[in-house]
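Asks: Following this message is one structure expressed as structure tokens.
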Amino acid sequence: MKRFLRGVACVCAAIALLSARSTQPASADMTTQTGMLTCQIASGFGWLIGSSRTVQCEYRPAVGLKEHYSGTIAKVGLDIGYLAPMFFAWAVVAPSSTPSGALAGKYYGGTVQAAAGIGAGVNVLVGGFDKSIALQPVSIEGETGLYVGIGIAALNLKLDERASSSYDLDRIPETE
């Protein structure tokens, strides 16, 4: 089991490094880390060649008010098994003049995940406002379940106008 998890961690790290190099935003010379995006992802099943789960996210910019987003994360590729609800954290790399709500949009990139009881995974994505935003993993995610997945991930985010007081990242929605 230790050998399996060590192998998964090595593969995740390699994909993260390769994806980070290949998913730089269009205007990479003039970008900076503008904040952190944290997301709760609902539990769900991988159906052999793909899956889709709901997400609730909170963006904490370095300057300004936090913003809430909701949406889905879908995967295409090898995608088999069940994953419990999980948490992702990404550093948001974007132009320094990113307007409020700019994280809304579609992001694409590489993904690799594996779990046998406990596991690990990583998603490196680029897209959003004028395809100028990169989501770089802060750490390899922690997950539980019995699952293996590798392929392309698509994250679709919409600005959530709900009041901050009614938004609860500790409550994770079930996949529809």
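Quick note: the coordinates plus some simple rules give every number you see, no bench work behind them. No experiment lies behind these values; they were computed from the predicted model shown. Here the Cβ positions follow ideal geometry from the backbone for every residue, glycine too, while neighbour counts run over all protein chains shown.
Asks: Separation between the Ser100 and Ala84 pseudo-spin-labels, each 7 Å from Cα along Cα→Cβ, expressed in nm?
Replies: Placing both labels 7 Å beyond Cα along the Cβ direction yields 3.8 nm.
Asks: Still on this structure, I have one more. Cut-off is 10 Å between beta-carbons; in what order do Glu58, Glu67, Glu161 appear when sorted fewest neighbours first? Mind dumping the intermediate values first?
Replies: Working: Glu58 17, Glu67 22, Glu161 8.
The most exposed by this proxy come first: Glu161, Glu58, Glu67.
Asks: List, in order, the whole-Hz ³J(HN,Hα) value for each residue of segment 131-138 obtained from phi through the Karplus relation with A = 6.51, B = -1.76, C = 1.60 and θ = phi - 60°; use x for Gly and Pro.
Replies: Residue by residue, segment 131-138 yields 6, 10, 10, 10, 9, 9, x, 7 Hz.
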